[in-house]
Amino acid sequence: MARNEARRSRNWRQRLMGWAVLLVVGYVLYAGALFVMQDRVVWPRHMIPAVDAPSLNAYGIEQMWVDIGGGERVEAWYLRGRVVGGDVNQKRPLVVMAHGNAELIDDHINRMLNYRDLGVSSLMVEYRGYGRSDGSPGQRGIVDDTARALELVLERPEVDRARLIYHGRSIGGGVMCALAERIEPSGMILESSFTSAAGMAKRFGVPGFLLNSPFRNDRVVKGFAGPILLLHGTGDEIIPVEHSRKLKAMAKHGTLIEQDAGHNDYPRDAAKMWEDIEGWLVAEGL
C-alpha cells in the first residue's frame with residue numbers, strides 16, 4: 001500500500017510538472033508571437049487606406065516634407081494662428097499635435113483650424129509608413145521626424161518659443177512625451193493617453209522590456225515642471241481613464257478634465273473640449 005501511495009504521489013508530481021512546463025512553453029510562444037507581431041498591433045497602418053492629399057491651400061495649410069534618409073520622407077503640415085491685424089510675423093504660440101495609431105493627419109484638419117482660430121499655430125507630422133509618408137513606424141523614428149520638423153518651424157519669425165505646447169491623442173501622447181525629453185515644451189495636453197505602453201502591455205501579460213515602443217509617459221510627466229492638461233473619457237475601454245488619473249497624481253502641475261465618452265468617440269462634446277483647452281491656455285499664460 002505504501003508503495004502504491006508513493007507511486008501515486010510521484011505520478012501526481014510528474015503531472016504537475018508537465019502542466020507547468022506546458023504553461024511556460026505556452027506563455028513563451030504567446031509572448032514571442034506578440035513580440036514578432038507587436039508593430040502591426042501598435043501601428044496598424046495596414047488597416048488605414050492611403051488617401052490623396054486634401055486641398056490644403058483652401059485651409060491655408062502649408063505642406064512640408066521631412067527627409068528621413070535613404071531617399072525617403074515624411075509629410076508634415078503647418079498652419080499659422082490668426083492674429084489681430086494680420087501681421088504674419090507677429091509672435092504666436094505653437095502647438096505640435098500627434099494623432100492616434102489608427103488615424104492620419106488628414107483626420108485632424110479641423111483641430112488645426114480650431115487652434116488657428118485661437119491664435120495658435122499648429123504643426124502635425126505624419127507617422128512613418130502612414131498616409132503618404134515613407135518608412136516604417138516606431139517610437140524612435142517618429143520622434144526623430146517630429147523633432148526635425150519642429151526644429152525647422154521654430155526658426156520661423158512668427159513662432160514664440162516661450163509658448164510651445166504639445167498635444168498628443170492616444171499613442172500620440174506617448175510621441176509628445178518622448179519629444180518633450182528632447183525639446184522641452186512650455187505645456188502639454190495629453191488626450192486619452194496612457195501611463196506607459198509597458199503598463200498597457202501588462203493587461204495582455206506581456207513584459208514591458210519586450211516592447212519596441214515603450215513610451216514612458218509616466219517618467220516624463222513626473223519630471224516635467226510645466227502645466228499639463230489631461231483629457232479623458234470616463235467610458236474609455238481601450239485606455240481606461242485611470243491612466244490619466246494616475247498621470248494627474250504624478251504631475252507637478254496637472255489638470256484633469258473628464259468627459260462622458262469612450263476612446264474612439266472622444267470628445268462627444270467637442271465644443272466643451274475646445275472651451276476647456278482655451279481656458280487652460282489662458283489660465284497658464286500660453
Cubic angstrom per residue, convex hull over Cα atoms of region 50-283: 125 Å³
In whole angstrom, the spacing between the Cα centers of region 251-286 and region 120-145 equals 24 Å
On a full-extension model of 0.36 nm per residue, what is the gain between ARG161 and SER136, subtracting their alpha-carbon distance, rounded to one decimal in nm? 6.0 nm
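With Cβ to Cβ distances under 10 Å as the rule, what net charge do the other residues near ALA225 carry (K, R +1; D, E -1)?
Working: positive: LYS252; negative: GLU184.
Neighbourhood net charge equals 0.
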Could you give the spread of the C-alpha atoms of region 48-158 along their three principal axes, from largest to smallest, in whole angstroms? 43, 26, 21
What do you get for GluC sites (Glu not before Pro) in region 140-205 restricted to DSSP loop and a cutoff of at most 16 other Cβ within 10 Å of the site's Cβ? GLU155, GLU158, GLU181
Let's test this: bin the Cα-Cα distances of region 177-286 at 5 Å from zero up to the farthest pair and state each bin's percent. 2, 12, 22, 22, 21, 14, 5, 2, 0
Suppose R0 equals 45 Å. What FRET efficiency, 1/(1 + (r/R0)^6) with r the Cβ-Cβ distance, do ASP117 and VAL41 give to the nearest 0.05? 0.80
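Values quoted throughout were computed directly from the atomic coordinates according to the rules given, and no laboratory measurement underlies them. All of these numbers come straight from a predicted model, not from anything done at the bench. We place every Cβ from the backbone using ideal geometry, glycine too, and count neighbours over all the protein chains shown.
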